[in-house]
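The values are calculated or read from the model by the stated rules, or taken from the named source; none is laboratory data. Predicted, not measured: the structure shown is a model, and the values here were computed from it. Positions of Cβ are backbone-derived with ideal geometry, glycine not excepted, and every protein chain shown enters the neighbour counts.
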Amino acid sequence: MVVLSKPVIEHYSLVKISKSQTLSPSGTPIIDLSKQDCKYQLVKACQEFGFFKVINHGIPNEFISKLETEAIKFFSLPLSEKEKAGPASPFGYGNKNIGQNGDVGWVEYLLLTANPGLHYDKFAAFFGVSPENFLYAVNSYISAIKEMGSEILELLADGLNIQPRNVFSKLVMNEQSDSVFRVNHYPPCPQLGDLTGKNLIGFGEHTDPQIISILRSNNTSGLQISLKDGSWLSVPPDQNSFFVIVGDSLQVLTNGRFKSVRHRVLANGFQSRISMIYFGGPPLSERIAPLPSLMKGEEDSLYKEFTWFEYKRSACKTRLEDNRLGLFEKI
Ligand code: GA4
């Protein structure tokens, strides 16, 4: 178990969760990627939830467990060592502080670019004698996840009946794609033990700015998604599956047909949660606007024009829970 510096839990938001809010495994949209007709279920899940779970994804378990083992090794290092890989702006180790505008959470993390080969120089210095294992595990994992993300995006284009089928996937597969990879560690907070039924905010509520996020966690719960009525649903963990989250950019590309879902992560008093998330984004210069092939009749774009660079720049000035897309909605 990795213990962070002495917890001062008053600095972190506490939430109470009741059992009735737990999403039953059968309630989660589950997409079997090996099934021929999954494209329609994918579209439905993106419209109704902006969220789904993927099974039969074909990602070899060894990629996943190798990276998880390396991540645990890293997070087990003394804080002073981990801090040598910081700060996390733009990439590196972060502890409790999220973003640039005062958000905090009960989490430590590594934020990396998802472009292959770019990690070595920065991380060689931080990982002491052998950064190779970690970097190799990261790069193999990212390329496998990217492929799966691209397949999902192509199935979504098929399900929406739009051509070419790589209309979404080409954005994340582009060499210049501005994609990010994050490994989060939510350490248990022992002081919570006395506060029965209480959880601590590990990563506060937010939507993801990119196109698609693909999350895998160990078997510790914590992820919650927000439903249309504003209530929070706990997503049962499943270390053999991936959870897919629609990002703001995909909401815009589909002119609001797909919803970028608000989500958050709760830390608990007794179990470590490790998650790894790939955020597939477009190239910085890409114009993000509803696809003409999707627009029906006189349908107007719900959003003002912007490039991914402009959206990202604006997002960096926001707090986690802000409605980032709101700034770009046409009134
Ligand atoms: C949320 C999704 C990704 O984790 C992330 C986050 C980023 C960060 O951690 O630096 C942001 C957040 C995320 C959106 C608003 C800004 C930027 C923290 C924050 C307060 C890496 C991303 O791309 O956007």
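For the range 267-283, give me each residue that is within 11 Å of the ligand (Cβ to nearest atom) and part of a loop (DSSP other than H, G, I, E, B). Passing the criteria: only 281.
With respect to residue 240, is the statement that it is closer than 30 Å to residue 93 by Cβ, without any contact (Cβ under 8 Å) to a residue 40 or more places away in the chain and out of contact with any strand residue (DSSP E or B) (no Cβ under 6 Å at 6 or more places or on another chain) true? The answer is no for residue 240.
Residues that are exposed (fewer than 14 other Cβ atoms within 10 Å of the Cβ), touching a residue at least 12 places away in the same chain (Cβ under 8 Å) and within 27 Å of residue 103 (Cβ to Cβ): does the range 243-253 have at least one?
Kept after step one, since they are exposed (fewer than 14 other Cβ atoms within 10 Å of the Cβ), are these residues of the range 243-253: none.
Checking the range 243-253: not a single residue is exposed (fewer than 14 other Cβ atoms within 10 Å of the Cβ), touching a residue at least 12 places away in the same chain (Cβ under 8 Å) and within 27 Å of residue 103 (Cβ to Cβ).
With the structure loaded, tell me whether residue 105 is touching a helix residue (DSSP H, G or I) at 6+ places or on another chain (Cβ under 8 Å), closer than 30 Å to residue 232 by Cα and modelled with pLDDT of 90 or more or whether it fails that test. No. Given the residues 301, 293, which is the only one that is in a helix (DSSP H, G or I), away from the ligand (no atom under 16 Å from the Cβ) and of a type in the set (Gly, Ala, Ser)? Testing whether each residue is in a helix (DSSP H, G or I), away from the ligand (no atom under 16 Å from the Cβ) and of a type in the set (Gly, Ala, Ser) leaves just 293. When the residues of the range 188-217 are filtered to those that are part of a loop (DSSP other than H, G, I, E, B) and surrounded by fewer than 21 Cβ atoms within 10 Å (Cβ to Cβ), the one that is farthest from the ligand (Cβ to nearest atom) is 196.
Residue-level check: of (1) within 30 Å of residue 162 (Cα to Cα); (2) surrounded by 21 or more Cβ atoms within 10 Å (Cβ to Cβ), residue 275 misses just (1). If you go through the range 71-117 and keep only what is away from the ligand (no atom under 12 Å from the Cβ) and more than 22 Å from residue 189 (Cα to Cα), you end up with 84, 85, 86, 115, 116, 117.
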